[in-house]
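Below is one structure, written out as structure tokens; the observations come after it.
The values are calculated or read from the model by the stated rules, or taken from the named source; none is laboratory data. Predicted model, so just to flag it, every value in this text is computed and none were measured. Here the Cβ positions follow ideal geometry from the backbone for every residue, glycine too, while neighbour counts run over all protein chains shown.
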Amino acid sequence: MLDALIFTKTPLLLKAVYPECIWKVDANEKVLYLTFDDGPIPEVTPFVLAELKKWNAKATFFCIGKNAEANPEILKQALDEGHSIGNHTYDHLNGWKTSDEVYFENIERCKAALSAYCLPPVANVFRPPYGKLKPSQYATLKSKYSIVMWDVLSYDFDLAVPKEKVLGNVLQNAEVGSVVVFHDSLKAKEKVLYALPKVLEHFSAQGFKFEALC
């Protein structure tokens, strides 16, 4: 199986492996779907929320359950400001390295953690950490969740990728309907603080809107 993390722009062949996942959205207008993985954390997520608010932009946050439990006030802020919340497992598990039983239990634990702080309950939207799912996991989860992958990966999580390259990855590859991945994590902090404001400004100037996935 191909590793989803070796591509900035996800190729059609890879999308065909799991065709029922959301990789990109068919859109008839200029819209982008920004997503943020691994939060919420106080060191990054409030900055992201503030930048989104400046441009009246909505996004989807794929939250790690234990981070949501530790920072419920940030989770509530994201919801109050019109953003969507998705499930990213409780412990950021790699599906390829985890038994199905443990993986499914971890997802449900995350769902419970998110729902405890969200009224109404969060939607059944899931993104697998690292983009890695076994075929058996995919077969089970696709009937319970909308599984969201991506069209453009910023690479903000990679310490070897400079912040300027992260920005270029998004500016050069995002197009109408693209699902774009950033991370509200400590590892990505410097690059998100640099790239996100510029991405919002650049695409807003071109007439794009930023919407949540659900």
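Laid out as a table, the results:
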| read-out | value |
| --- | --- |
| Sole exception among (1) without any contact (Cβ under 8 Å) to a residue 60 or more places away in the chain; (2) in a strand (DSSP E or B) for Ile147, by number | (1) |
| Qualifying residue in the range 82-93 (condition: over 16 Å from Gly39 (Cα atoms), without any contact (Cβ under 8 Å) to a residue 60 or more places away in the chain and not hydroxyl-bearing (Ser, Thr, Tyr)) | no |
| Whichever residue in the range 118-144 is buried (at least 18 other Cβ atoms within 10 Å of the Cβ) and β-branched (Val, Ile, Thr) and, among such residues, is modelled with the highest pLDDT | Val125 |
| Residue ID - surrounded by the fewest Cβ atoms within 10 Å (Cβ to Cβ), chosen from residues in the range 50-71 that are among the hydrophobic types (A, V, I, L, M, F, W, C) and out of contact with any strand residue (DSSP E or B) (no Cβ under 9 Å at 6 or more places or on another chain) | Ala50 |
| Inter-residue pairs, beta-carbon under 6 Å, first more than 18 Å from Leu171 (Cβ to Cβ) and in the range 30-43, second acidic (Asp, Glu), 6+ apart | Gly39/Asp184 |
| Selection count where residues are under 16 Å from the mean Cα position of the chain (by Cα) and farther than 26 Å from Ser146 by Cβ, scope the range 168-194 | 4 |
| Some residue of the range 124-137 being in a helix (DSSP H, G or I) and in contact with a His (Cβ under 7 Å, 6 or more places away or on another chain) | yes |
| Spans of helices (runs of 4 or more DSSP H) in the range 1-80 with at least 3 residues under 15 Å from the mean Cα position of the chain (by Cα) and within 15 Å of Ser185 (Cα to Cα) | 45-54, 65-70 |
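Condition check ((1) of a type outside the set (A, V, I, L, M); (2) over 15 Å from the mean Cα position of the chain (by Cα); (3) under 18 Å from Ile22 (Cβ atoms)) across all residues:
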site: Asn106; (1), (2), (3): yes, yes, no
site: Ala139; (1), (2), (3): no, yes, yes
site: Tyr145; (1), (2), (3): yes, no, yes
site: Val161; (1), (2), (3): no, yes, no
